[in-house]
């Protein structure tokens with residue numbers, strides 16, 4: 001299969017815009033939490049396509065639903081009704097406590113929609129506000145609006161000037177937040193667990209300060225739940241765990257189980273300020289994406305997925321703490337449910353290829369953090385075997401460093 005792999009990589013090098021620094025592995029199929037490369041090697045997937053393959057790979061129920069829908073009707077545009085979009089929105093409302101959804105194609109699009117709806121809210125009220133409060137170490141996406149509230153200069157600098165009026169404050173600093181938010185603030189945007197920022201959870205005390213600032217100034221709260229929401233922490237939405245009271249919420253990643261779909265979820269108060277034509281999407285809410293979302297939401301709501309994630313979260317926490325206690329390379333373990341970060345005492349870049357050599361897929365974020373986002377359906381035996389391989393990769397990197 002070497003020729004096939006070489007052809008794939010050579011063709012991409014020639015024709016695909018080089019915005020991704022890929023690992024030299026070509027995956028051709030999957031099953032559950034396992035991936036298989038072009039040479040037939042098996043890998044345990046502890047990343048799930050960066051939190052996307054929520055039901056694992058080649059999930060039979062999802063595959064059957066997609067095939068059935070593709071043979072029925074895929075797309076009609078939002079100029080007409082179809083029977084599935086309202087069902088998705090109804091279930092998101094029941095889970096979130098926010099009454100309406102705008103269904104789009106990705107998490108980044110959901111953030112863009114939330115930022116627009118926030119601006120429209122203030123315009124409708126006759127009190128235009130332009131300032132956004134965002135957190136240091138945040139990541140909300142790469143389109144202009146989402147990028148504008150993403151903190152890392154590495155992402156932002158080449159594309160400035162971006163949307164103006166963004167103020168940055170440190171996470172989990174209530175005093176800094178309360179000092180920053182004013183009657184000029186349009187919205188406070190936060191991730192309940194900062195994923196790209198290194199799997200850094202917000203505290204309930206900080207969430208309480210956000211609520212207080214919002215109530216005092218009228219500033220809306222946008223909860224970015226693209227990575228930490230929809231069951232990833234063992235709860236439908238992580239903001240409820242924190243006691244955070246958002247007016248808008250963005251979701252994506254897990255929602256389609258691999259089919260691109262996202263949603264901006266709004267309170268009724270905000271929804272009533274939005275008019276026909278204020279936002280749109282050609283593909284958003286198409287039947288194929290909605291059918292996939294309904295399969296995932298069925299599993300989340302009635303398929304026992306939340307209880308399973310909570311059980312597996314306890315297992316991961318216990319096992320990862322053992323790994324950390326026996327390996328000085330690991331400084332700290334952070335996370336909840338099935339989102340975890342291992343903070344290392346060095347750059348984590350070497351862990352990714354070392355893990356691939358041990359046939360386990362992870363990734364590096366925030367330079368020194370190994371991030372784990374396994375499929376929500378992972379079992380204890382699978383997790384045990386996968387984490388054994390990760391421990392082996394950590395040992396390999398530690399030995400290599402010691403020999404330098």
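Does segment 200-216 include one or more residues that are in a loop (DSSP other than H, G, I, E, B) and at positive phi?
Restricting attention to segment 200-216, the residues satisfying the condition of being in a loop (DSSP other than H, G, I, E, B) are 202-203.
Keeping just the survivors that are at positive phi gives none.
Scanning segment 200-216, I find no residue that is in a loop (DSSP other than H, G, I, E, B) and at positive phi, so the answer is no.
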Residues of segment 172-203 being in contact with a helix residue (DSSP H, G or I) (Cβ under 7 Å, 6 or more places away or on another chain) and surrounded by fewer than 21 Cβ atoms within 10 Å (Cβ to Cβ), which ones?
172, 174, 178, 182, 183
Just the residues that are out of contact with any helix residue (DSSP H, G or I) (no Cβ under 6 Å at 6 or more places or on another chain), on the phi < 0 side of the Ramachandran plot and in a loop (DSSP other than H, G, I, E, B), please, taken from segment 244-270.
260, 267
Has segment 363-374 got any residue that is closer than 17 Å to residue 41 by Cβ, at pLDDT 95 or above and crowded, with 20+ Cβ neighbours inside 10 Å?
no
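Do the conditions hold for residue 105, that is, is it closer than 30 Å to residue 287 by Cβ and either touching a strand residue (DSSP E or B) at 6+ places or on another chain (Cβ under 7 Å) or in the same structural domain as residue 217 (by TED's automatic domain parsing) (or both)?
Working: closer than 30 Å to residue 287 by Cβ: yes; either touching a strand residue (DSSP E or B) at 6+ places or on another chain (Cβ under 7 Å) or in the same structural domain as residue 217 (by TED's automatic domain parsing) (or both): yes.
Answer is yes for this residue.
Residues that are free of Cβ contacts under 8 Å to residues at least 40 places away in the same chain and farther than 17 Å from residue 296 by Cβ: which strands (runs of 3 or more DSSP E) entirely in segment 1-89 hold 3 or more of them?
Values: elements: 27-31, 34-37, 42-45.
By residue number, 27-31, 34-37.
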Looking at segment 304-339 only, could you name the residues that are over 22 Å from the mean Cα position of the chain (by Cα) and at positive phi?
none
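For a quick check of your reading: which strands (runs of 3 or more DSSP E) sit entirely within segment 295-404 and have at least 3 residues that are in contact (Cβ under 8 Å) with a residue 24 or more places away in the chain? Spell out the reasoning first.
Values: elements: 330-336, 339-344, 363-365, 369-372.
Once the strands (runs of 3 or more DSSP E) in segment 295-404 are filtered for at least 3 residues that are in contact (Cβ under 8 Å) with a residue 24 or more places away in the chain, what remains is 330-336, 339-344, 369-372.
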All but one of (1) part of a helix (DSSP H, G or I); (2) over 15 Å from residue 338 (Cβ atoms) hold for residue 241; state the number of the condition that does not hold.
(2)
Going through segment 22-48 one residue at a time, which ones are within 19 Å of residue 9 (Cβ to Cβ) and surrounded by 14 or more Cβ atoms within 10 Å (Cβ to Cβ)?
25, 26, 27, 28, 35, 36, 37, 38, 43
Checking residue 274 against (1) outside any loop (DSSP other than H, G, I, E, B); (2) over 18 Å from the mean Cα position of the chain (by Cα), which test does it fail?
(1)
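The values are calculated or read from the model by the stated rules, or taken from the named source; none is laboratory data. Computed from a predicted model, the values in this text were never measured in an experiment. Virtual Cβ from ideal backbone geometry, glycine too; neighbours counted across all protein chains shown.
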